[in-house]
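The values are calculated or read from the model by the stated rules, or taken from the named source; none is laboratory data. The structure presented is a predicted model; accordingly, all values stated were derived computationally and were not measured. Virtual Cβ from ideal backbone geometry, glycine too; neighbours counted across all protein chains shown.
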Amino acid sequence: MGAIITILFLLMRILDFITTPLFKYRARNNRHHLPPFTNDVLRISATHIARKIRNGELSSIQICEAYIQRIKEVNPILNAVVEERFKEALHDANLVDEYLKTTSLNSRELSKIKPLLGVPITIKESCSVKGMSLCVGLKSRVGYKASVDGEVVARLKTSGAIILLVSNTPEMSYSWETFNNVTGYTNNPYDTTCTAGGSSGGEGALLGSAASLVGIGSDIAGSIRLPALFNGIFGHKPTPRVISIKGHWPQGIDDRYQDFLVIGPLTRYASDLNLMMKVMCSDKWNLELKLNKEVQLSKLKVFYVEDIRGSVALPKVSPEMREIVRCSVKYLWKNCGVSIMDYHFPEFSNVHLVCISELFTLKDIPNAIKWENASYPIELIKSLIGKSKFSFNLMYSYFVQGIYKYAVGNHTQENLALKEKIISQLGTNGVIILPTSIGSAHKHNQMYFKNIYSYLVIANALGLPSTHVPCGFDRSGLPIGVQILAAPYQDRLCLAVAQELERCFGGWVPPPEETV
Ligand SMILES: *[C@@H]1O[C@H](CO)[C@@H](O)[C@H](O)[C@H]1NC(C)=O
Ligand SMILES: *[C@@H]1O[C@H](CO)[C@@H](O)[C@H](O)[C@H]1NC(C)=O
Ligand SMILES: *[C@@H]1O[C@H](CO)[C@@H](O)[C@H](O)[C@H]1NC(C)=O
């Protein structure tokens, strides 16, 4: 059965090879640069900004204004915003500043109860912010607003964060490219002719361009980590079920949906991931995940996989991405004294079968075609010529889903066996360093010819936490990076390694600016 998938992926590789020059040719002369930013407030981590606000060194108004200004500068170029609430956010910021003038609590006490007090934040549209758009790219939902806050959004508000906007995502958040027919394409700040990735592409583009400090995304098959990779920032896909997905739209009715879909943070500074995780997890999970406990890196076992070999279905990882895996390992060995493990998970050679198919064992993957009583073949053809109420993007995702459902056998046993193997190898002190995807961002619409997801889906199918770490740029000047996987509930290991590798590679670097 797997032969069909292998042939299709091989066909995709051939088509990709042929069409890449055409995409490049079509994109020539279309590139726009972002205006430069001079406000140094935009270069302070959320952890430091929160402290400065509490100590009265900076006002929340001043920070929110700086971010709003930057969003207004870059959004006409990036198209990442679905709906903003700037006026309300400034009002909230003012309340914070007033509160700080009168409160009897000291900075330490405030940091416990309101760790994000006055810090601006952006949210992927699918995560439900009360009163804001929850259309998620579907034409039939234009104007639909969230009636309540999602559980994570409510936690963020309680922690004092100030929401600036909801950001763009593909139709139903079901694609690796951020496009929908309501808001349109979101562009990559490092090269606007390229995609911001998906599905948390609006967040990715805003953070990459310094127009957001911290963001919230969701990930069912790479949707936090791919935009983090393409836009040069950090993104953490938590262990499933440690952060509530209540209020996310769409949502499946199968209880196992929560084993795949997670909500997680995107940040520009590695240390902010830990702060965000603490806010987003309940008290119980804060304790269980030991988020406050320091990781002893010298006790860490580091596995690494440069490239998954063994199947023609899997495209090759770019040489630069392979090199940063080696550099990461070397750095951790030299500077932190970790143990490097000589086991490279040959089992991964079947991930395109064993992992992706697992996702499609879900009984109910939200399906807009069914809801709207439409016919798939007809909408598929109509979407190709822009006449469907659905985007071709969504139709393509349903195509991939359909192929897997009908042409790939049951791999649940193998999936379980792989999960057990990984858990026993990693234990409570092991991580795997793996390319996040096969390369840097591609041109808009090139996704249809690329298997960019096999490396991403591993963490979803096996229920592992995974952090994307930006590690510099490739020859085209686009961000590249690695993901750090750990056993379930060992999120802190991923976050600790991310902080080390930020020191090694320099972390987030602003995109090229227009020359004045
Ligand atoms: C689709 O069909 C079902 C059952 O016939 C009906 O309840 C529902 O309202 C229909 N949906 C739309 C969007 O027409
Ligand atoms: C939506 O689709 C129509 C028809 O193809 C097109 O004219 C319009 O520009 C699209 N809008 C967006 C925001 O992509
Ligand atoms: C796949 O196989 C597993 C056990 O091997 C079984 O529990 C599960 O129901 C099967 N799934 C499907 C969709 O047939």
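Among the conditions (1) at positive phi; (2) buried (at least 24 other Cβ atoms within 10 Å of the Cβ); (3) out of contact with any Leu (no Cβ under 7 Å at 6 or more places or on another chain), G264 misses just one, which is (1).
If I filter region 162-198 down to residues being closer than 22 Å to I49 by Cβ and within 20 Å of the chain's Cα centre (by Cα), which single residue comes out as surrounded by the fewest Cβ atoms within 10 Å (Cβ to Cβ)? Per the stated criteria, the residue is I163. Given the condition among the acidic types (D, E), over 30 Å from Y448 (Cα atoms), assigned to a loop (DSSP other than H, G, I, E, B) and more than 16 Å from ligand 1 (Cβ to nearest atom), answer yes or no: does some residue in region 168-184 qualify? Checked against the condition, which is being among the acidic types (D, E), over 30 Å from Y448 (Cα atoms), assigned to a loop (DSSP other than H, G, I, E, B) and more than 16 Å from ligand 1 (Cβ to nearest atom), region 168-184 yields no hits at all.
Could you please let me know if S128 is hydroxyl-bearing (S, T, Y) and in contact (Cβ under 8 Å) with a residue 24 or more places away in the chain? So S128 passes the test. For V457, indicate whether it is farther than 30 Å from Q490 by Cα and either within 16 Å of ligand 3 (Cβ to nearest atom) or part of a helix (DSSP H, G or I) (or both). Taking the combined requirement at face value, the residue does not satisfy it.
Each residue in region 369-384 was checked for being within 16 Å of ligand 2 (Cβ to nearest atom) and under 15 Å from Y174 (Cβ atoms), and 3 pass.
Might you check whether a residue that is closer than 27 Å to W333 by Cα and at pLDDT 95 or above occurs anywhere in region 406-418? Yes, the conditions are met somewhere in region 406-418. Only helices (runs of 4 or more DSSP H) whose full extent lies in region 309-426 are considered here, and the ones with at least 2 residues that are more than 16 Å from ligand 1 (Cβ to nearest atom) and within 25 Å of the chain's Cα centre (by Cα) are 319-336, 351-354, 356-359, 392-407, 412-426. For region 34-72, which residues satisfy the criterion of being within 23 Å of the chain's Cα centre (by Cα) and either in a loop (DSSP other than H, G, I, E, B) or farther than 17 Å from I121 by Cα (or both)? L34, I44, S45 - these are the residues of region 34-72 that are within 23 Å of the chain's Cα centre (by Cα) and either in a loop (DSSP other than H, G, I, E, B) or farther than 17 Å from I121 by Cα (or both). When the residues of region 237-261 are filtered to those that are among the hydrophobic types (A, V, I, L, M, F, W, C) and touching a Cys at 6+ places or on another chain (Cβ under 8 Å), the one that is surrounded by the fewest Cβ atoms within 10 Å (Cβ to Cβ) is V242. Taking V457, is it of a type outside the set (D, E, K, R), in contact with a helix residue (DSSP H, G or I) (Cβ under 6 Å, 6 or more places away or on another chain), more than 16 Å from ligand 2 (Cβ to nearest atom) and farther than 23 Å from H248 by Cβ? The answer is no for V457. G409 fulfils the conditions (1) small (G, A, S); (2) surrounded by 13 or more Cβ atoms within 10 Å (Cβ to Cβ); (3) in contact with a Gly (Cβ under 8 Å, 6 or more places away or on another chain) except for a single criterion, (2).
With the requirement that a residue be over 9 Å from E500 (Cα atoms) and touching a Ser or Thr at 6+ places or on another chain (Cβ under 7 Å), what does region 324-337 give you? Result: G337, single match. The set of residues from region 188-224 being over 16 Å from P510 (Cβ atoms) and either acidic (D, E) or assigned to a strand (DSSP E or B) (or both) comprises T193, C194, T195, E203, V214, G215, I216, G217, S218, D219.
All conditions but one from (1) of a type in the set (G, A, S); (2) closer than 20 Å to A459 by Cα; (3) at pLDDT 95 or above apply to G252; the one that does not is (3). Of the residues that make up region 128-148, is at least one assigned to a helix (DSSP H, G or I) and buried (at least 24 other Cβ atoms within 10 Å of the Cβ)? Within region 128-148, none of the residues are assigned to a helix (DSSP H, G or I) and buried (at least 24 other Cβ atoms within 10 Å of the Cβ).
Tell me, yes or no, whether region 288-299 has at least one residue that is surrounded by 23 or more Cβ atoms within 10 Å (Cβ to Cβ) and at positive phi. No.
Scanning region 32-48 turns up one or more residues that are in contact with a helix residue (DSSP H, G or I) (Cβ under 7 Å, 6 or more places away or on another chain), closer than 30 Å to K443 by Cβ, surrounded by fewer than 16 Cβ atoms within 10 Å (Cβ to Cβ) and in contact (Cβ under 8 Å) with a residue 60 or more places away in the chain.
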